[in-house]
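Throughout, read-outs are computed from the coordinates displayed, never taken from laboratory work. All figures in this text were calculated on a predicted structure; none of them were measured in a lab. Cβ sites come from the backbone with ideal geometry, for glycine too, and all protein chains shown count toward neighbours.
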Amino acid sequence: MTGIPCWLNEPPEEQPQMTVEELEAELVEILRGMPYEKYLETSHWKHKRKMALERARYRCQVCNSNMYLNVHHRTYENLGNEQLEDLTVLCRDCHSLYHHQGEII
Ligand SMILES: [Zn+2]
Ligand SMILES: [Zn+2]
């Protein structure tokens, strides 16, 4: 027979005034509102970028190079809340090619 776990006796944690969804929505607003260069410096983007790179195994998804990798946004629609499918890992050459052609893959 074990006693009542001590955490049961602790007062309930103070509820934040905003729900997680609201906080996330606010964060997305802030991320979308900042200049793109600033956005690329946020820990949010660094985390997304790393996930995209890991998913692509640090290889260009077009030519398989592992040099000068960029994480390209296929769409800016979900900026601040990117899905992994929104991001493509490209080497510098493939990346500039896509941008020069004005095409989004
Ligand atoms: Zn490439
Ligand atoms: Zn790009």
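Over the range 20-100, what per residue volume does the convex hull of the Cα atoms give, in whole Å³?
Roughly 95 Å³ of hull volume per residue.
For the range 14-65, what log10 I(q)/I(0) values come out of the Debye formula at q = 0.23 1/Å, with one point per alpha carbon and no solvent?
-0.90
Starting from the range 32-105, pick out the trypsin sites (Lys or Arg not before Pro) whose DSSP state is loop and whose Cβ has at most 12 other Cβ atoms within 10 Å.
Answer in residue order: Arg57.
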